[in-house]
Amino acid sequence: MSTPIDYLLHLADNAVVLGQRNAEWCGHGPILEEDMALANVSLDLIGQARLLYQRAAELMGGDATEDKLAYFRGPHEFRNYTLLELPHHGALVGYAAADRDYATTIVRNFLYSALMVHVWDGLQQSADPSLAAIAAKSLKETSYHLHHSRDWLVRMGDGTEESHARAQAAVNHLMPYTEEFWTTSPAEGAAVAAKVAIDVWALRPAWDALVNDALAEATLTRPNFHGYVTEGKVGLHSEHLSYLLGEMQGLARAHPGATW
Amino acid sequence: MYTQAMDIPDESGKKLAAVSNAPSDQEAAFEARIDADGRIEPQDWMPEAYRKTLVRQISQHAHSEIVGMLPEGNWISRAPSLKRKAILIAKVQDEGGHGLYLYSAAETLGTSRDQMLEGLHSGKAKYSSIFNYPTLNWADVGVIGWLVDGAAIMNQVPLCRCSYGPYARAMVRVCKEESFHQRQGYEALLVMMKGTEEQRAMVQDAVNRYWWKCLAMFGPPDADSPHSAQGMRWGIKRISNDDLRQKFIDATVPQAKVLGVTLPDPELKWNEARGHYDYGQIDWAEFWNTVEGNGPCNKERLATRVKAHNDGQWVRDAAQAYARKQKERALKEAA
Ligand SMILES: [Fe+2]
Ligand SMILES: [Fe+2]
Ligand SMILES: [Fe+2]
């Protein structure tokens, strides 16, 4: 059985979209060291996306390239979790503007990297040797992202009254989006069947333990889930993704066929 | 990237008073070390004016690195390929790293990073005026690498031999990375020049806007340069503004030819007798006007730094509060 390309795109789109979001802090971080840390996270994610798109392009053949996949697919073709495309602030419509909130950034990086350390760990045994190699490299990077975001989550939660309130608000806002981790998309199902992917559902207890432990140390509470389960990974996104892609893809699309 | 000649006067360097009338033993030792081209280290005695000049220069340089993250950061989200995006993020991150080493070097002179940032945010301290111009098309990123980092290298290589040890050592590391940036910028432009008509037009447009601004980065002509003589005496400045500028022009003209762009100066031509390129008049009125705050982006650059700092206050407060609590917990446990 061959590697389901849609599954590689899911992993690649996750990385590129969150990489794009993290890079938005470059030049605007709360302290110079954090500008650099988030640039580093972003660089790792863009690097992961490139390898995954390259692998997908290789399997697709024809004139597929990493940049065709990143720059010339529309929002409905993107397969990332909705969580990752959200702006760095609370719940607002797509065309609303608000200041970036570092708590939102940190909590999102934490929730995602807490999942991905387990996913990459499992994918090291993927039947696709290219994906297994990408997973080994990504695991190291993601462990750092988890470490960085967890440290800040604890500092914020157990810091000042304001930082605690902001961190709790970010947890309340973002936690519902993590429900999307636990549904199974057709691409994931096919990849699991092909032994290319691991069953994410099986990672839930480990993720829960990581999250609950960090929230407890941060003196934050985990909200009970109620609400809408997002479906970004099957191409049904929030209003925010088309803005993100519009900005990211605009220049490349204005010069189709150009080499940079 | 960085800096214009680091002798732009600013408020933080206003009072460069003569220290004393009769040279003390310490002063004689300092002078002897300078004359022997030795290094001054943080624990060594140094004249107050030397210390102040260095703090002004190193902090201007550090501010330039972090303000310089903004014009290029402007294109990260829109970089036209993932490879160029990654290169640009890494470059802007390097500039932040340069800011960090430089703030640390300046801190060895007894001024804290907070004090230096206060100088930047209040408008008292200067940064390189090249960053007060906008980045209007993607080729600006490559041109900044090629020309702005290139000019910075010309300015900074001599600083690797600066008399103040921590600054000289920071410069060695910074210069290595700046040369890497310059090569990457130039390479990006080479690719664009081999591309479409529109890509070539972007490169030419960016060169047209940045060429003269880069020449001004070397600072005012030697005849009008207020701090140069003392800086030379102290081994803080090694080569004059005009000599550096000439060196930069001589090195850049052949690169422009290979690239296939026109440098926007009709008077630019080889002078056999001098063994250098002649060049036209730099618009110093425009330069000083921009240094004084009236350039196209001065207000945006500074306001953006101030906003980032103010918006980040709660995050820094949280880190401090948490560290304090951790310390108290450790003490309680020990008791
Ligand atoms: Fe640079
Ligand atoms: Fe730099
Ligand atoms: Fe620099």
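The values are calculated or read from the model by the stated rules, or taken from the named source; none is laboratory data. Since the model is a prediction, treat every value here as computed from it, not as a measurement. A quick note on method: Cβ atoms are made from the backbone with ideal geometry, for glycine too, and the neighbour counts reach across all protein chains shown. Each accessible area value is taken on the protein alone, full model and side chains, heavy atoms only, with ligands, DNA and RNA left out. Shrake-Rupley method; radii C 1.70, N 1.55, O 1.52, S 1.80 Å.
Structure above, values below:
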{"read-out": "Among the candidates A:252, A:169, residue that is open to solvent by 30 Å² or more (accessible area, probe 1.4 Å) and either within 14 Å of another protein chain (Cβ to nearest Cβ) or at pLDDT below 95 (or both)", "value": "A:169"}
{"read-out": "Residue in the range A:76-88 that is within 30 Å of residue B:310 (Cα to Cα), more than 12 Å from every other protein chain (Cβ to nearest Cβ) and open to solvent by 10 Å² or more (accessible area, probe 1.4 Å) present", "value": "yes"}
{"read-out": "Enumeration of residues in the range B:74-98 that are small (Gly, Ala, Ser), free of Cβ contacts under 8 Å to residues at least 24 places away in the same chain and more than 13 Å from ligand 2 (Cβ to nearest atom)", "value": "B:77, B:81, B:86"}
{"read-out": "Test result for residue B:53, over 13 Å from the mean Cα position of the chain (by Cα) and surrounded by fewer than 22 Cβ atoms within 10 Å (Cβ to Cβ)", "value": "no"}
{"read-out": "Any hit, the range A:107-115, residues being over 20 Å from residue A:10 (Cα atoms), within 14 Å of another protein chain (Cβ to nearest Cβ) and open to solvent by 40 Å² or more (accessible area, probe 1.4 Å)", "value": "no"}
{"read-out": "Unique residue being within 16 Å of ligand 3 (Cβ to nearest atom), of a type in the set (D, E, K, R) and within 14 Å of chain A (Cβ to nearest Cβ) when the list is B:72, B:107", "value": "B:72"}
{"read-out": "Every pair of residues 6+ apart whose Cβ atoms lie under 6 Å, when the first sits in the range B:192-204 and is more than 10 Å from chain A (Cβ to nearest Cβ) while the second is modelled with pLDDT of 95 or more and surrounded by fewer than 17 Cβ atoms within 10 Å (Cβ to Cβ)", "value": "B:193/B:260"}
{"read-out": "Which numbered condition residue B:115 misses (of (1) open to solvent by 20 Å² or more (accessible area, probe 1.4 Å); (2) within 16 Å of ligand 3 (Cβ to nearest atom))", "value": "(2)"}
{"read-out": "Among the candidates B:236, B:249, residue that is away from chain A (no Cβ under 14 Å), among the aliphatic types (A, V, I, L, M) and touching a Cys at 6+ places or on another chain (Cβ under 8 Å)", "value": "B:236"}
{"read-out": "In the range B:159-168, residue farthest from the other protein chains (Cβ to nearest Cβ) [restricted to those that are open to solvent by 10 Å² or more (accessible area, probe 1.4 Å) and more than 11 Å from ligand 3 (Cβ to nearest atom)]", "value": "B:161"}
{"read-out": "Within the range B:286-317, considering residues that are among the basic types (Lys, Arg) and open to solvent by 50 Å² or more (accessible area, probe 1.4 Å), the one farthest from the other protein chains (Cβ to nearest Cβ)", "value": "B:299"}
{"read-out": "Number of the exception - residue B:101 against (1) open to solvent by 10 Å² or more (accessible area, probe 1.4 Å); (2) farther than 21 Å from residue A:33 by Cβ; (3) within 12 Å of ligand 2 (Cβ to nearest atom)", "value": "(2)"}
{"read-out": "Of all residues making up the range B:135-166, the number that are away from ligand 2 (no atom under 14 Å from the Cβ), closer than 13 Å to residue B:210 by Cα and among the charged types (D, E, K, R)", "value": "1"}
{"read-out": "Scan of the range B:82-98 for residues that are within 19 Å of the chain's Cα centre (by Cα), away from ligand 3 (no atom under 12 Å from the Cβ) and open to solvent by less than 20 Å² (accessible area, probe 1.4 Å), ordered by number", "value": "B:88, B:89, B:92"}
{"read-out": "Residue ranges of helices (runs of 4 or more DSSP H) in the range B:6-100 with at least 2 members modelled with pLDDT under 95", "value": "B:25-35, B:48-67"}
{"read-out": "Criterion: over 22 Å from residue B:152 (Cβ atoms) and modelled with pLDDT of 95 or more - qualifying residue of B:284, B:270", "value": "B:270"}
